[in-house]
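Below: one structure, written as structure tokens.
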RNA sequence: GGGCGCGUAGCUCAGUUGGUUAGAGCAUCCGGUUUACACCCGGAAGGUCGUCCGUUCGAGUCGGACCGCGCCCACCA
């Protein structure tokens, strides 16, 4: 019998999944088919930075998802065909490490299960986490194209990788070479420069004597300084600076390497600092990047003494053979000490390379690897940014990009891993074959290594659209519009996409790169699981434990028990993340999320209010809307039309310019500060049943507001959209009207601003004079610029009634004059004397200050005329107010 | 060592091309309301804009130095 009552409060936990279902059922989450009638319709596409399939999403993904979805939704409502490619990255080392850990916990290992079984295991891991990640994007409300989900190792993608590798090989840009690489003993693989991070370490700087073969001018030895004595077995020379008076004379002489007996020439090289260490540098090309360079300059063959297992090798000193580098260091130092060759040791703080992946100390060593030559690829990537075909925001990141590309070095492509794209090269004795398929014939063996993950990521914008096939998708959606990303992968990923896009897809991969904030924990540290500073976005959306660093403070500034996050809902989380974002790093602020929740509730309530007013009205009222031809006549109606039109433009422009914080906060200000606090309050006295404009203006203003808020808070707006009587269809696919200048009404804006000022002045006076807000006070309005309509609008909210009655009164200044509130039960002019005197003092001070400025000849002669005029007008106004007091 | 950025109310942040009374949200304080909303409404208080020097009629805004903090890049053993 009874209808289900509308829930008294909007509940995101209930509404959001329901709304998402509607989008899904209506096909919003799949790229719309091309309209045959509009074959040239504009398109707008984004390729999501594919998250690693190593775990769940974090705050950065949630922020980036909110950003991209805002852009996608805005452009969808503009009538463009949008494509937001969703997908995940296989993330070579990262994923392999996780799976290996899991195997170890099960008491087995990668080696024990073998390559094939390991890959199967990793595939199922990927299925599981990939699914989780996609589910999280859906929960956040991301309107991506889930039907075309991609993975960097799916079938089509493999073809793209093979094709690009083979092409680059044939063009001579990919080559195999023996070179010094960053060896990560943890993952047992070479890694690129970008995967290395420097950490400060305290080591010991040892000084070691190398005897001269033949004494020179009484010298019998040189003393070298090193923090890595274990590498000395691979020394090929000792270098001194040719300008160094102490040692220049030794250049050309020979020293004998302890333990090994190798004769090492003393060479001169400018690289050696005369004021550091001992001034003598041992040269170990196989295990130090500097020494490698110096060795090359002087034509020395590197001598490998540390193997890929991190143990001493080479057989130069049997007593150390097979020791780990750490053991070897101890043993060598002890042996040197014993035979008196250790001349000094002191603590030494310096930066040391570590693997970002395994956390182990990098072992530089000579290794046979695949490399990619970068300079030819880099130049076009530099050019397109220089000439603006790719715009990087903010501009400071553009400088980083250009600087890095300007000094680019070869890229180590091969990884000694199993999880990834296996290198498409086969060997048979001295023969090498590179191709997309195995060569004909017997005896070929495929290179066991895989490619750096970022090689496949670099193809993402076009490989996800079907390349190397010339698909319709590729034609329609490449280049993509925007790449939104954290700036820490600007080199690792962004620059490489530009290079590969230009090389293989004949165009830039995206027109704009937006580098968003990194969200830090409230204490300024990185958000990270291991530090306990991370938050699962779902814990904010659906409620969950609040980590300790996010505990709120009580009045005394002490931390409270962290407790749980309330279920803020996806809209609130999106709003909050966008509101706190900027072009630089920001601290996470739960208050901003809470602010989003308030906006969501407020909007929902406003729509309930409007729906109540619109109940029972015909379509000519509820859907007629407002156009330039049908502008309403009343002041507050013209005002809200003008303001709504304005905020709609501003918000869209801010999203277009990637100023998401201003877009979000601007919406909040509008909804609270204009729509609800003023417009809805101003129209409460009107009856939509008899008032010809109210219904259509109210419905129009709310629909426009919901539309423009939709990119930021899609769920509540979609839900509310359906609750406005007369609504048809989904908000998500509704069409944004073109901006129309004729809806902007400056006269209405200033006229209503006066009304607001008047009401605010009276309220403020009341509060200060301890007059209760309720009673209606008879008052005289002695001011210019208030017509009958303005007066009628102001009086109910100011809770005054206008009269011409004479009598004692309290004077309150308002724009254009004053309002005189008659003495009465609540109003005692005598009690106002002190307030009046205080105000008089303030005004006099201001007049004095301004007049002093105007008396300053330099000011009057040099300041622009309008500034001076404004000053004069100010004095005038202040004098008027003073006279009225 | 080089580069970039930050320091504004108790907290998190806005502050256009310099224009004279520096804003918002949250928190605080005061006062209300129960047919849109207590996840509410109205009002108030709160800042020597990190420090110093300079440019200017005028500096939160421009320049310099310094202090504090963060990030990125870098091959001093």
What shape does region A:264-309 take by its C-alpha gyration tensor, where a ≥ b ≥ c are the square roots of the eigenvalues and a/c under 1.5 counts as rounded, a/b above b/c as prolate, and the rest as oblate?
prolate
Defining a contact as two alpha carbons under 8 Å apart and six or more residues distant in sequence, what relative contact order in percent does chain A show?
12 percent
Expected 222 nm ellipticity per residue - DSSP helices of 4 or more, -39500 (n - 2.57), all of chain A, to 500:
-13000 deg cm²/dmol
Roughly what % of DSSP beta bridges within chain A run antiparallel, to the nearest 5?
70 percent
Grab the beta carbon distance between residue A:171 and residue A:293, set R0 = 25 Å, and tell me the FRET efficiency rounded to 0.05.
0.35
What's the exposure ranking of A:434, A:515, going from fewest to most Cβ atoms within 10 Å?
A:434, A:515
Packing-based order for A:572-581, A:783-792, A:663-672, using average beta carbon neighbours within 10 Å, highest first
A:572-581, A:663-672, A:783-792
Over all viewing directions the Cα convex hull of region A:193-258 casts an average projected area in nm² of 6.4 nm²
Between residue A:564 and residue A:884, 0.36 nm times their residue separation minus their Cα-Cα distance comes to what?
109.5 nm
Put in order of increasing Cβ neighbours within 10 Å, starting from the fewest, A:95, A:278 give A:278, A:95
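At a 10 angstrom cut-off on C-beta neighbours, averaged per residue, how do the peptides A:175-181, A:58-64 rank from highest to lowest? Before the final figure, lay out the partial values.
Values: A:175-181: 16.1, A:58-64: 22.3.
In descending order of packing, they fall as A:58-64, A:175-181.
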With everything on Cα atoms, drop me the angle between helix A:788-798 and the longest principal axis of chain A, reported from 0 to 90° to the nearest 10.
70 degrees
In degrees, nearest ten, helix A:155-170 long axis to first principal axis of chain A (Cα):
50 degrees
For A:386, A:799, which order do you get if you count the other beta carbons within 10 Å of each Cβ and list the fewest first?
A:386, A:799
Largest to smallest principal axis extent of the C-alpha atoms in region A:593-745, angstrom:
43, 30, 29
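How high is the FRET efficiency between residue A:619 and residue A:475 when r is their beta carbon distance and R₀ equals 60 Å, given to the nearest 0.05? Could you put the intermediate results ahead of the total?
Working: r = 42 Å, r/R0 = 0.69.
Result of the calculation: an efficiency of 0.90.
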Given contacts defined as C-alpha pairs under 8 Å and at least six residues apart, what's the relative contact order of region A:185-302, whole-number percent?
24 percent
Using Cα pairs closer than 8 Å and at least 6 residues apart in sequence, work out the relative contact order for region A:1-90, in percent.
37 percent
Given the C-alpha centroids of region A:826-853 and region A:289-353, what is the distance between them in whole angstrom?
83 Å
Row for chain A, column shape: gyration tensor on C-alpha, a ≥ b ≥ c, rounded if a/c < 1.5 i.e. under 1.5, prolate if a/b over b/c, else oblate; value prolate
Whole-angstrom Cα spans of region A:375-456 along principal axes, big to small:
55, 23, 20
Would you mind checking the tilt of helix A:570-580 against the longest principal axis of the Cα atoms of chain A, expressed as 0 to 90 degrees and rounded to 10?
80 degrees
Calculated FRET efficiency, residue A:757 and residue A:594, Cβ-Cβ r, R0 25 Å, to nearest 0.05?
0.25
With a/c under 1.5 counting as rounded, go ahead and sort region A:76-170 into rounded, prolate or oblate using the C-alpha gyration tensor (a ≥ b ≥ c being the square roots of the eigenvalues; past the cut-off, prolate if a/b is larger than b/c, else oblate).
oblate
Would you mind estimating how fast region A:3-147 diffuses translationally, via Stokes-Einstein at 4 °C and 1.567 mPa s with the Kirkwood radius over Cα pairs, in µm²/s?
73 µm²/s
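Bear in mind these aren't lab numbers, they're just calculated from the coordinates by the rules spelled out. Quick caveat, the model's predicted, so the values are computed rather than measured. For neighbour counting, all protein chains shown are included, and Cβ atoms are generated from backbone atoms with ideal geometry for every residue, glycine included.
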